[in-house]
Amino acid sequence: MPIWQTIEKLLTATSPAETNLLVRSHAARMGFDNVGFAARASAAMGASGEVVTAHSYNSEWAASYQRLSNPLSADLDARVLVSKRNLPATAWTTCGQISLPMLAVLIPSAKKQLGIAGEFGMRGGITVPIQGRGIDWGFFTFSTDSSSKLEDLGACLGEAMLLCGVAASRMGQFQAEVQTQIKLPPNRNTLSAREIEVLRWCATGKTSWAISEILRISERTVNFHLGRIYQRLGVRTRSAACAIAIAQQIIRL
């Protein structure tokens, strides 16, 4: 099933369980054996800092998700730190290869944690951090038990980022429906026609420079619009903004 068909199903999912199942099914079609998800809701959003996890691991590696409910353990977890430091999605192998070399410098525990993952049968995978309104930290991890080349895993990053972005947005909507007392500031999700136009081109993968050429405006103006978009949607990255815009049908591709 193409990614766009999965996204269409995610947009009509009626529960977190259905959302997780769709992500796992698509990850399997991408060649991954297991999927893990974890996120800590912001206490400021009325969720008391609750940690939500879901995964398909049957091994003792599942305990690594249970430990994330302990703030001390979470603060030492490389996956959590990737999200907290707003780092990009990363491909990795349990022999220590990482598509983002600086990760080993920024998070020294990352390679050690990869080695431990290898002891549980994993050979490689990708980690996609998620950010957004009401989330202190969060991530998806796709892993494979088969030998994989780093470049092959890296080729999956774009598709995985789109999949995880839409899934995270959908789960955020479920949370908002449960906590109906939490209100967004007025007009926070209202984007101008120009902002929607900029966001639509972002969703197709265009750079700020390319968008400026298409819309005949300066690159600085494009980045100004992006800043306003991030603020109104409560996100920090282009991928998150695009995912929310697609999920909320602000833009259509």
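The values are calculated or read from the model by the stated rules, or taken from the named source; none is laboratory data. Fair warning: this is a prediction, and the values are worked out from it, not measured in the lab. Here Cβ is always computed from backbone atoms with ideal geometry, including for glycine, and neighbour counts include all displayed protein chains. Heavy atoms of the whole protein, side chains included, go into the accessibility calculation; ligands, DNA and RNA do not. Shrake-Rupley method; radii C 1.70, N 1.55, O 1.52, S 1.80 Å.
Distance from the alpha carbon centroid of region 56-74 to that of region 218-253 works out to 33 angstrom. Here Glu119 and Gln66 are evaluated by their C-beta separation; at R0 = 22 Å the FRET efficiency comes out at 0.80. Sorting 136-143, 110-117 by their mean Cβ neighbour count within 10 Å, with the most densely packed peptide first, gives 136-143, 110-117. With contributions of -39500 (n - 2.57) from each DSSP H run of at least four residues, the per-residue ellipticity at 222 nm computed over the chain stands at -14000 deg cm²/dmol. Paramagnetic label reach from Trp4 (point 7 Å along Cα→Cβ; backbone nitrogen cut-off under 16 Å): within region 154-175, residues 159, 162-163. Phi-derived couplings, Karplus 6.51 cos²θ - 1.76 cosθ + 1.60 at θ = phi - 60°, listed residue by residue for region 137-154: 7, x, 7, 10, 10, 10, 10, 10, 8, 9, 5, 9, 7, 4, 5, 5, 5, x Hz, with x used for Gly and Pro. With 0.36 nm allotted per residue and the present C-alpha distance subtracted, the Cys95-Ala155 stretch has 19.7 nm of extension available. Considering only Ala203, Met171, Leu10, and ranking their Cα positions along the charge dipole of the chain that arises from unit charges at the beta-carbon of Lys, Arg, Asp and Glu, the one farthest toward the positive end is Ala203. Simple point charges give the picture: +1 on the Cβ of Lys and Arg, -1 on the Cβ of Asp and Glu, and for region 1-153 a dipole about the Cα centre of about 240 debye.
Couplings for region 112-122, taken from phi via the Karplus curve 6.51 cos²θ - 1.76 cosθ + 1.60 with θ = phi - 60°, read 5, 5, 5, x, 5, 4, x, 5, 9, x, 6 Hz in order; Gly and Pro are left as x. Extension gain, Asp75 to Ala104: 0.36 nm times the residue separation minus the Cα-Cα distance gives 8.8 nm. Taking amide H atoms as placed 1.01 Å from N in the peptide plane, the amide H of Trp137 lies under 5 Å from those of Arg40, each 5 or more residues away in sequence or on another chain. Normalised by the number of residues in the chain, the average gap of Cα pairs under 8 Å and 6 or more apart makes the relative contact order 19 percent. Here the gap between Arg29 and Asn223, fully extended at 0.36 nm per residue and compared with their Cα-Cα distance, gives a gain of 66.3 nm. Neighbours of Leu103, meaning other residues whose beta-carbon lies under 15 angstrom from its beta-carbon, give a summed charge of +4 when Lys and Arg score +1 and Asp and Glu score -1.
Peptides 161-170, 120-129 ordered by packing proxy, namely the average of other Cβ atoms within 10 Å per residue, highest first: 161-170, 120-129. Largest GNM mean-square fluctuation across Ile135, Ile107, Ile217, computed for the chain with C-alpha springs under 10 Å, falls on Ile217.
Based on protein heavy atoms only, the chain ends up with 50 Å² per residue of surface accessible to a 1.4 Å probe.
Across region 12-17, computed HN-Hα scalar couplings (Karplus, 6.51 cos²θ - 1.76 cosθ + 1.60, θ = phi - 60°) run 10, 4, 10, 7, x, 4 Hz from first to last residue, x flagging Gly and Pro. Solvent-accessible area of the chain (1.4 angstrom probe, protein heavy atoms only): carbon and sulfur portion equals 53 percent. FRET efficiency for the pair Ala17 and Gln173, taken as 1/(1 + (r/R0)^6) with r the Cβ-Cβ distance and R0 = 22 Å, rounds to 0.90.
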